[in-house]
Amino acid sequence: MRLREINSKIIALNSGLSATYVTPSSLGALYPIAPTVTAYSTKEVDGSYTIFFRIMVLIDSDYTKSPVFSIDETTNTDFYVVFDLPSKVPTHYTAWYLEASYILQELADVTVYLQNNDPRTSRGTVTTVIVVVPDATNC
């Protein structure tokens, strides 16, 4: 089944989070920080599934554009939050909140990566997709 995006939004929550509170120096601040992800799906009448994502990422505050949310359509299980900023040790971060929903086949797990394209580096988080069954009494 070909995937189809049905909704998405990206919001900058705040900027100026000090790197000293975010990244322990022992982890190497040149690599993106792994995203925080929740994912759940609902089964549609036609047998397809709608998967809903809520994602929080921290990106160097020098990056002022909105990151892009995309999918690897060869796997349909790898999703990317992409930005493009020359690599340097950040002094401050901006928190970004993303919501997206897609129609696709049922998934057990997805991997969401925060990826910097300059140079190409990424960190990912594997998340179990929870299947939500609507309660007939609430319909």
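The values are calculated or read from the model by the stated rules, or taken from the named source; none is laboratory data. Please read all numbers here as calculations on a predicted model, not as lab measurements. Cβ placement follows ideal geometry from the backbone for every residue including glycine, while neighbour counts extend to all protein chains displayed. With ligands, DNA and RNA removed, areas are computed over all heavy atoms of the protein, side chains included. Shrake-Rupley method; radii C 1.70, N 1.55, O 1.52, S 1.80 Å.
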Name the residues in the stretch 11-32 that are at pLDDT 85 or above and either in contact with a Gly (Cβ under 9 Å, 6 or more places away or on another chain) or β-branched (Val, Ile, Thr) (or both), would you? Ile11
Being farther than 19 Å from Ile6 by Cβ, assigned to a strand (DSSP E or B) and open to solvent by 30 Å² or more (accessible area, probe 1.4 Å) is the filter here, so list the residues in the stretch 34-77 that pass it. Thr36, Met56, Leu58
Taking the stretch 104-126 and keeping only residues that are open to solvent by less than 30 Å² (accessible area, probe 1.4 Å) and either aliphatic (A, V, I, L, M) or more than 28 Å from Gly16 (Cα to Cα) (or both), one is left with Leu104, Leu107, Val110, Val112, Leu114
From Ala95, Ala100, residue being in contact with a Leu (Cβ under 7 Å, 6 or more places away or on another chain), part of a strand (DSSP E or B), touching a residue at least 24 places away in the same chain (Cβ under 8 Å) and open to solvent by less than 40 Å² (accessible area, probe 1.4 Å): Ala95
Here are Ile51, Ile59, Ile55: which of them is farther than 17 Å from Thr111 by Cβ, aliphatic (A, V, I, L, M) and under 16 Å from the mean Cα position of the chain (by Cα)? Ile59
